[in-house]
1. Among the residues of the stretch 171-187, is there at least one that is in contact (Cβ under 8 Å) with a residue 12 or more places away in the chain, of a type outside the set (D, E, K, R), closer than 21 Å to THR69 by Cα and surrounded by fewer than 17 Cβ atoms within 10 Å (Cβ to Cβ)?
2. For a quick check of your reading of the model, give me the residue pairs whose first member lies in the stretch 99-121 and is farther than 26 Å from ARG245 by Cβ and in contact (Cβ under 8 Å) with a residue 60 or more places away in the chain, whose second is of a type in the set (Asp, Glu) and assigned to a helix (DSSP H, G or I), with beta-carbon atoms closer than 7 Å and at least 6 apart or on different chains.
3. Being among the polar types (S, T, N, Q), out of contact with any strand residue (DSSP E or B) (no Cβ under 9 Å at 6 or more places or on another chain) and at pLDDT 95 or above is the filter here, so list the residues in the stretch 93-145 that pass it.
4. From the list MET225, MET229, which residue is in contact with a Cys (Cβ under 8 Å, 6 or more places away or on another chain), under 29 Å from PRO65 (Cβ atoms) and in a helix (DSSP H, G or I)?
5. Can you give me the number of residues within the stretch 191-212 that are without any contact (Cβ under 8 Å) to a residue 60 or more places away in the chain and over 22 Å from HIS108 (Cβ atoms)?
6. Take the residues in the stretch 158-170 that are assigned to a loop (DSSP other than H, G, I, E, B) and free of Cβ contacts under 8 Å to residues at least 60 places away in the same chain, then tell me which one is surrounded by the most Cβ atoms within 10 Å (Cβ to Cβ).
7. Please go through the stretch 213-222 and give me each residue that is in a loop (DSSP other than H, G, I, E, B), buried (at least 22 other Cβ atoms within 10 Å of the Cβ) and either free of Cβ contacts under 8 Å to residues at least 60 places away in the same chain or not acidic (Asp, Glu) (or both), ordered by number.
8. Does ALA52 meet the test of being closer than 18 Å to THR13 by Cα, in contact (Cβ under 8 Å) with a residue 24 or more places away in the chain and either touching a Leu at 6+ places or on another chain (Cβ under 9 Å) or of a type in the set (Ser, Thr, Tyr) (or both)?
Amino acid sequence: MLDGFKLGRVNGTSYYRTGNGPVLVLIHGVGMHAGFWAPQLAAFTGRWDVLAYDTLGHGGSPLPPERPTLRDYSNQLRELLDGLGIFQVCVAGHSMGALIALEFALSHPDRVGAVVAMNAVYCRTPAQREAVVQRAALLHGGGVADMAWRQAALDRWFGAPVPPAQLENTAWVGASLAAVDAVGYARAYGLFASADGAHAGRLRELAMPALFLTGEEDHNSSPEMSRQMAREAPLGSAVALPGERHMMSLTSPGAVNAALDRFLTPLCLTQAAQ
């Protein structure tokens, strides 16, 4: 999936980088790695300098602290950009990566021209929170190595039964889950389970255009969550793609890339002219 993309490592963080132009940073979710963004790396390389990296505890990057915070993951991105000599970026994150993207944008508003929170969670209902907390607790008992646990995750993300057209993507995601560092995954998922309220009351501080993008069929990162975030962000907008679920950047890259392009292209042109 990543043939032709440059692999590098800075300050302990592994990354892929391709293209020229304004810098677009892509942040994957729990259990994935930079390769999750292969369709976007290929699509945006023509006009952007695209940077996808492995978050703490994933891929080739080091473990997070035992009890990590979003600030730890935001600091990882800052150190990566500093090591590469990059200051100004646009940033897009998926799932937990969306939380990291928002944390970085809130912590470093002078460095972020735009932010995309894709399939993001925000202020879960009590039932949603209980379900994700229970899944996080199972991970500390070795759940990531449990075939039934992984299959339940794939069912949530792709549907059961899996649509025939998505069998290859489902197999790739399943293999990524099977290969992830169990400790890094458990620590990250524990944070993901509790961080849905981390930005409550803070989104009004977002100083840049913000797109909250999800799928109409993503019940855990729901359209209502995206709409609520967009209402709170001064320059926020929300889009829910019809028929899409949690892994839509893999399952429908054309639709996702088109939505990203509509949002980012005017910003790309503005930055290029500066």
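The values are calculated or read from the model by the stated rules, or taken from the named source; none is laboratory data. Since the structure is predicted, the reported quantities are computational estimates derived from the model, not experimental observations. Cβ coordinates were reconstructed from backbone atoms using ideal geometry, including for glycine residues, and neighbour counts include every protein chain displayed.
1. Yes: one or more hits.
2. Correct list of pairs: LEU106/GLU205.
3. Selection gives SER107 alone.
4. MET225
5. 0
6. VAL162
7. Result: SER221, SER222.
8. The answer is yes for ALA52.
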